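Everything on this sheet refers to the single structure shown next.
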Amino acid sequence: MSTAEPVRRHPQLDDFPVIVRVPVHWGEMDAYGHVNNAVFFRYFETARIAYFERCGLIESWDRDKVGAILHSTSCRFRRPLYYPDTVLIGARVTSVEDDRFEMAYRLVSQQQGEVAAEGTGIIVSFDYRAKTKVSLPQHVRTQIAALERRASEAPSRD
């Protein structure tokens, strides 16, 4: 069972079609008393996998062994996180090409009510049997478009 829970819209995450809630664990803090920077990438991964589940990439892997491989990722740290807290992590796709797409992530501290980090990731469609990149499956491309369209059409909160 995943520790991430899907959540509804949040004002700082209005543009993100997939949002997960993850508790900050005591063991994630480092010697400086805040959550270690490497943990932020794990938080992004949790949201990324939730997005993959929603857009059909997990199903594609199960059926055809065509899935995702992370090409690169980055993080802009904005605020330190501390235990106890819960973070909301939003994931969205910002661009799609033939064999890849770019994702954006935003991490919001519920304790602080502020954005703690923002990041990006480039995900490549990969055939794990042939061990080569391939075109993004059409059903995945269609689901990404539908997810992003619903997020952009959702009413904004004031």
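For the reader, a short list of remarks on this structure follows.
- Whichever residue in region 116-158 is among the β-branched types (Val, Ile, Thr) and either without any contact (Cβ under 8 Å) to a residue 24 or more places away in the chain or not in a helix (DSSP H, G or I) (or both) and, among such residues, is surrounded by the most Cβ atoms within 10 Å (Cβ to Cβ): Ile123
- Residues being over 16 Å from Val22 (Cβ atoms) and hydroxyl-bearing (Ser, Thr, Tyr) - total across region 83-140: 7
- When residues of region 69-89 are limited to those that are farther than 18 Å from Pro11 by Cα and of a type in the set (Ser, Thr, Tyr), the one surrounded by the fewest Cβ atoms within 10 Å (Cβ to Cβ): Ser72
- Filtered by the rule that a residue be surrounded by 14 or more Cβ atoms within 10 Å (Cβ to Cβ) and among the β-branched types (Val, Ile, Thr), region 93-115 gives Val93, Val96, Val108, Val115.
A short reminder: the numbers here are calculations on the coordinates, not readings from a lab. Not measured: the values here are computed from a predicted model. So basically every Cβ, Gly included, is an ideal-geometry build from the backbone, and we count neighbours across all protein chains shown.
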